[in-house]
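First the structure, in the form of structure tokens, and then the observations on it.
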Amino acid sequence: MAFEHYIASNGKNLRMGYTTGTCAAAAAAGAAEGLLTGKVPTSIRIDTPKGLIVEVSPASMKQSQDACSVGITKDAGDDADATAGMEIVATVTYAKDKETFPIRGGVGIGRVTKPGLDQPVGEAAINHVPREMIRAQLQRVCEEQGYTGNLAVEISAPQGEEIAKRTFNPRLGIEGGISIIGTSGIVEPMSQKAYADAVRIEIRQKAAEGYKKLILTPGNYGLAFLEEHGYRKEERPIVVCSNFIGDALEEAEVCGITDILLVGHIGKLVKLAGGIFNTHSHVADARVEIFTANAACAGATPAICTALMEAATTDACLDILDAAGLLEPTMQRIYAAATAHLRAFVHEAVATELIMFSNVRGRL
């Protein structure tokens, strides 16, 4: 059954989908009904925290006298993440536990091995909102069928262990499978938000482990620079923040991080001198404008400013400034502006420092 809800993103209508948590809740509902009535429903309809209704058909089912399993296939809409198309299975059994509707993680569901995540160390990586969704569905089915006893559910993902290798889970300390996450039950095709959320989680986790000092870098260039200069990760953890420098800094301030060293390529970090903290080109791309304005303040002629405005890359800007004898004073101005914006962004609650480099010229 197609999930026909859409969201506007970057000038396009993109189809939304539903999360692994919604799949788990729907599977649990179907399995509970199958156990209590002896018949798995052909269509399962559930409400999501987002307010949208999801109606799905089981992808698989297996019944016995004491257990019923139902599998639901995840539909991620136009946000084709690693878990899109995978099956989430719920196996419901009768329970004598004191806990109402206990939830366990089965094959392909990761285990939390580090503090700072939604669930404590040792628990299955099924976050609290999906757990609430699952229990709500079990409660609903029990009430509809007049059953006053207790049910237990095990959530599994047959492909989970392999798919988890393509997610952030290993880096976050979730081992052995995927995590069942989400707060709305709905996948909005905005993968940037998902990445930003993962960056925040990683910083939260480092803070929970007791770290007070972090290095942020947008990506592989920064990692290569740090390795080349002999940095050891044991001294201070590195968090790769991609374009989401602002999100990372906000989370660091909230989590009580005291020191941040931001290391990155000039093509990204020059934007900080203009107060731009999401460096994705779709958000803002003022690189040559920032170079030109600061070069003008450093004494660049109109001809040099025109050349800078017409430059295709930041490396080309550096070449123009070097030839004009203005590289050092311009970079000093850019560095001063970027560090001032950094300190203002974290309200001077976090000590910040900045290293900008180019792959051609090294540290600037």
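Readers should treat all values here as calculations from the given coordinates under stated rules, not as data from a laboratory. On a predicted model such as this, the values are computed, not experimentally measured, just so you know. Counting neighbours? That spans all protein chains shown, and the Cβs are built from the backbone with ideal geometry, glycine included.
Which pairs break 22 Å Cα to Cα here: K50/K165; K50/K98; K74/K165? All intermediate terms of the calculation are to be shown ahead of the outcome.
Working: K50/K165 29 Å; K50/K98 31 Å; K74/K165 18 Å.
Listed pairs above 22 Å: K50/K165; K50/K98.
Order these peptides, 276-282, 172-178, 123-129, by their mean beta-carbon neighbour count within 10 angstrom, highest first.
Working: 276-282: 16.4, 172-178: 21.6, 123-129: 19.6.
Final packing ranking: 172-178, 123-129, 276-282.
Our analysis of the stretch 194-363 gives Rg over Rh at 0.99, with the two radii drawn from alpha carbon positions and Rh computed by the Kirkwood formula. Measuring nothing but how far apart in sequence close Cα pairs (under 8 Å, 6+ apart) lie, relative to its length, the stretch 1-73 scores a relative contact order of 27 percent.
If you average the sequence gap of Cα pairs under 8 Å that are 6 or more apart and divide by the length of the stretch 83-152, what percent do you get for the contact order?
Details: 61 pairs, mean separation 28.6, N = 70.
Relative contact order comes out at 41 percent.
When Lys and Arg each count +1 and Asp and Glu each count -1, what net charge do the other residues less than 12 Å away from A296, Cβ to Cβ, add up to? Present the calculation step by step, with values, prior to reporting the outcome.
Numbers: positive: R333; negative: E289.
My count for the surroundings of A296 gives 0.
Just to be sure I understand: with springs between alpha-carbon atoms less than 10 Å apart, which residue in G267, G325, G256 has the highest mean-square fluctuation in the Gaussian network model of the chain? Of G267, G325, G256, the most mobile in the Gaussian network model is G325.
Counting only DSSP beta bridges with both residues in the chain, the antiparallel share comes to about 65 percent. Springs between alpha-carbon pairs under 10 angstrom, Gaussian network model over the chain: which of E202, E234, E328 fluctuates most? Result: E234 has the largest fluctuation of those listed. Answer rounded, prolate or oblate for the stretch 6-189, using the Cα gyration tensor with square roots of eigenvalues a ≥ b ≥ c: rounded when a/c is under 1.5, else prolate when a/b is larger than b/c, else oblate. In terms of gyration-tensor shape, oblate. Could you work out the local net charge near D247, counting Lys and Arg as +1, Asp and Glu as -1, over the other residues with Cβ closer than 15 Å to its Cβ? Taking every Cβ under 15 Å from that of D247, the sum is +1.
Counting other Cβ atoms within 10 Å, keep those with at most 12, restrict to DSSP loop, and tell me which GluC sites (Glu not before Pro) in the stretch 53-107 are left.
Working: sites: E55, E87, E99; in loops: E99.
Sites meeting the loop and neighbour criteria: E99.
Start at zero, step by 20 Å, and the Cα-Cα distances of the chain spread as 26, 44, 23, 6, 0 percent across the bins. Between amide H atoms placed 1.01 Å from N, distances below 5 Å from F101 occur with L151, all of them 5 or more places distant or on a separate chain. Across the chain, the relative contact order, built from alpha-carbon pairs under 8 Å that are at least six residues apart, equals 14 percent.
Considering only the other residues whose Cβ falls under 14 Å of the Cβ of T83, what net charge follows from Lys and Arg at +1 and Asp and Glu at -1? Provide the component values of the computation, followed by the final result.
Values: positive: K74, K165, R166; negative: D75, D79, D81, E87, E161, E162.
Every neighbour counted, the sum reads -3.
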